[in-house]
2 protein chains.
Amino acid sequence: MARREKYKFPKPTIERLSYYFRALEDLSKRGIDTVSSDALGTKLNIKSSQIRRDLSYFGDFGKRGMGYDVKFLLKELRYILGLDREWPTIVIGAGNFGTAMAHYSGFKKRGFDVKAMFDIDKDKVGSKENKVPTLHMNDLDKFIKENKIEIAMICVPETAAQEVTDQLIKNGVNGILNFAPIALKHDKEIRCLSVDLTTKLEAIAYYMSYSKDKLWKIFS
Amino acid sequence: MARREKYKFPKPTIERLSYYFRALEDLSKRGIDTVSSDALGTKLNIKSSQIRRDLSYFGDFGKRGMGYDVKFLLKELRYILGLDREWPTIVIGAGNFGTAMAHYSGFKKRGFDVKAMFDIDKDKVGSKENKVPTLHMNDLDKFIKENKIEIAMICVPETAAQEVTDQLIKNGVNGILNFAPIALKHDKEIRCLSVDLTTKLEAIAYYMSYSKDKLWKIFS
DNA sequence: TAGATTGTTAATCGATTAACAATC
DNA sequence: TAGATTGTTAATCGATTAACAATC
């Protein structure tokens, strides 16, 4: 089938494409140049039919009887995921967490280039101990424009998150990864994804405290 | 309806219960003692019927015509989520990210009490600059037993994550929150949840690079 | 050709939602 | 009582999966 356009696919598909991409990178590094959906599925704990279905939303990448060419599929997924370019990124909030995010090498490797951290605390501004510079929030608007920032990670306390979001959007940042535990209100045209770490731990606590006294079950 | 037992519910429900809990805490703090599913839904961007359905899996908490008693529902959700106790927790990997996790006050507030960080790097061990002590991996087994550790956060590089997981499970830790970008293999009886931060940024990149040349759409 | 593995379909499974009787 | 809002049902919507014809 020719590459499909305007075709809809399930939301979880994009996340799985990321997993496929990473697994293929690993295979490529190990000198493997062909892989079947079955082998890839075993590696990732994902059903082979799921993998074939996910890929088929975007094109015909395999060869019947042969599987997928690792390097070719990598190139295609890189294009689909938008990883064939650099994404100028900033981090708002230079606390423990923001600093960790700014220096995480996994982001850089994928083209997410953190240009600076921002904070309202003057003591944090200008710090030389980190590779990524820390600037004052007063300089945010100017910096975004001059460096054509497209993506921001919000690592500020809950109380400041909405205000920061508004400021980012006003300055044309339209990709936001939010770590503050709050549902941000925003214009539909921007891409905002929230990661709520406390909620994850709470889910674990739920499952662990599940006992004879609490017999609720979850589906499947 | 009396509290239902052995009733199954959708997987996303638990995560939403966390959001309800947090929103109710906020209402309680502001002195509001009754809330309708509609008001709660507006606050959280969740449909009121979804909220009522989620809650109904666990019991009858509301009063028709009146809504929900905030304090009562908080107490019930605290019990359901297992937040009515302390969870002795450790962090494996004392890098930027692990240190940030160990010191995040939001976890402590919910009963996730981080007792120590562990690392193989002797330079990091014994550091006094942090409130949470850093110990050497050699002391892990003993520490887990002596402190009855139940939950661990894995903040080590991808290459070490599986080995660490095996060691944790062998020592009886059965709640794991994994931040290494790898699908951990483990016994079905433990509760393991992975958070893949790179994948989240990649999803944003996908949506942002969506353009005239790339007309794939997602459902809804 | 025979064997392998794709791409696609149709069936199944799971989750959300609107609607409304019940009832405070 | 009249109005409000729950708890629950049934319908709809979305996602996964097994199965298999197509084809390398």
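The values are calculated or read from the model by the stated rules, or taken from the named source; none is laboratory data. Remember, predicted model here, so these are calculated numbers, not experimental data. All Cβ positions, even for glycine, are placed from backbone atoms using ideal geometry, and neighbour counts span all protein chains on display.
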So is residue A:147 in contact with an Asp or Glu (Cβ under 9 Å, 6 or more places away or on another chain) and away from chain B (no Cβ under 12 Å) or not? no
Among the candidates B:206, B:210, which residue alone is among the hydroxyl-bearing types (Ser, Thr, Tyr), within 28 Å of residue A:8 (Cβ to Cβ) and in contact with a helix residue (DSSP H, G or I) (Cβ under 6 Å, 6 or more places away or on another chain)? B:206
Taking the stated definitions as given, is residue B:59 within 14 Å of another protein chain (Cβ to nearest Cβ), within 13 Å of DNA strand D (Cβ to nearest atom) and more than 20 Å from the chain's Cα centre (by Cα)? yes
What tally of residues in region A:58-68 results from selecting those that are near DNA strand C (Cβ under 7 Å from one of its atoms) and surrounded by 14 or more Cβ atoms within 10 Å (Cβ to Cβ)? 4
Residues to consider are A:71, A:75; find the one that is surrounded by fewer than 21 Cβ atoms within 10 Å (Cβ to Cβ), more than 8 Å from chain B (Cβ to nearest Cβ) and free of Cβ contacts under 8 Å to residues at least 12 places away in the same chain. A:75
Checking B:148, B:115 in turn, the sole residue that is without any contact (Cβ under 8 Å) to a residue 60 or more places away in the chain and of a type in the set (D, E, K, R) turns out to be B:115
In the set B:40, B:44, B:81, B:55, which member is within 15 Å of DNA strand C (Cβ to nearest atom), closer than 21 Å to residue A:194 by Cβ and buried (at least 20 other Cβ atoms within 10 Å of the Cβ)? B:40
Can you go through B:83, B:73, B:40, B:77 and tell me which one is within 8 Å of DNA strand D (Cβ to nearest atom) and in contact with a helix residue (DSSP H, G or I) (Cβ under 7 Å, 6 or more places away or on another chain)? B:40
Check on residue B:54, part of a helix (DSSP H, G or I) and out of contact with any Gly (no Cβ under 9 Å at 6 or more places or on another chain): yes
Filter pass, residue A:169 being surrounded by 14 or more Cβ atoms within 10 Å (Cβ to Cβ) and over 12 Å from residue A:91 (Cα atoms): yes
Return a yes/no flag: does region B:24-36 have any residue that is buried (at least 16 other Cβ atoms within 10 Å of the Cβ) and within 11 Å of another protein chain (Cβ to nearest Cβ). no
Meets criteria (farther than 25 Å from residue A:152 by Cα and either at the interface with another protein chain (Cβ under 9 Å from one of its Cβ atoms) or at pLDDT below 95 (or both)) for residue B:183: yes
Going through region B:165-180 in order, the residues found to be under 24 Å from residue A:107 (Cα atoms) and touching a Phe, Trp or Tyr at 6+ places or on another chain (Cβ under 9 Å) are B:179
Give me a count of the residues in region B:179-220 that are of a type in the set (D, E, K, R), within 16 Å of DNA strand D (Cβ to nearest atom) and within 30 Å of residue B:100 (Cα to Cα). 2
Hey, can you tell me all the residues within region A:84-105 that are surrounded by fewer than 15 Cβ atoms within 10 Å (Cβ to Cβ) and at the interface with another protein chain (Cβ under 10 Å from one of its Cβ atoms)? A:84, A:85, A:105
Out of curiosity, is residue A:82 under 18 Å from residue B:101 (Cβ atoms) and of a type outside the set (A, V, I, L, M, F, W, C)? no
